[in-house]
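What follows is a set of notes on a single structure, which appears directly below.
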Amino acid sequence: ICTAATGKPAADVVWEGGLGEMESSSTLFPNETVTVVSQYKLIPTKFARGRRITCVVRHPALEKEMRYPYTLDILYAPEVSVTGYDGNWFIGREHVQLLCNADANPLPMEFTWTRN
């Protein structure tokens, strides 16, 4: 959410980032000032994690536009894969190495291997 409060005239509020869409609303007060509230909405995916979006506010009273950057921190469940299995398992095989890979935010704290 990005808010430009009590401007006269209303400030222009836009978002840069290209991942989602913005939704804005304005409130006009009796003293003829305007508050603009803009929300940036996106579908959270792991691919958006770490991406930067920026709220940009423009108004005639400002010498230059004001920029408020945000870095997205998207949380997502682990995506797990096991590598090292070559499809050729037999009793007595030695020097086998399996690797458990997990991509998640936050990172997994614990890996547990079990066998039947």
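The table below gives the values:
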quantity: Largest-first ellipsoid semi-axes for segment 1-62, taking √(5λ) over the Cα gyration tensor eigenvalues, angstrom; calculated: 27, 12, 7
quantity: FRET efficiency, Leu72 to Arg93 (Cβ-Cβ, R0 30 Å, nearest 0.05); calculated: 0.10
quantity: Cβ-Cβ FRET estimate between Thr33 and Glu65, R0 fixed at 30 Å, reported to 0.05; calculated: 0.95
quantity: Spin-label model distance (nm) - Val82 vs Arg115, 7 Å beyond Cα toward Cβ; calculated: 1.1 nm
quantity: Matching label, P(r) over Cα pairs in 10 Å bins from 0, in percent computed from the structure shown, candidates (i) 11, 27, 19, 14, 11, 9, 6, 3, 0; (ii) 11, 34, 28, 18, 7, 2, 0; (iii) 14, 49, 34, 3; calculated: (i)
quantity: For segment 56-70, 3J(HN,Hα) per residue [Karplus equation, 6.51 cos²θ - 1.76 cosθ + 1.60, θ = phi - 60°, Hz, x = Gly/Pro]; calculated: 10, 10, 10, 7, x, 7, 8, 5, 9, 4, 9, 10, 10, x, 9
quantity: Per the chain, cysteines lacking a partner by the 4.7 Å Cβ criterion; calculated: Cys100
quantity: Ordering of 79-85, 47-53 by burial proxy (mean other Cβ atoms within 10 Å per residue, highest first); calculated: 47-53, 79-85
quantity: Contour minus Cα-Cα distance for Ile43 and Asn101 (0.36 nm per residue); calculated: 18.4 nm
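Read the figures in this text as sums done on the coordinates, not as results from a lab. Remember, it's a predicted structure, so these values are computed and weren't measured experimentally. Positions of Cβ are backbone-derived with ideal geometry, glycine not excepted, and every protein chain shown enters the neighbour counts.
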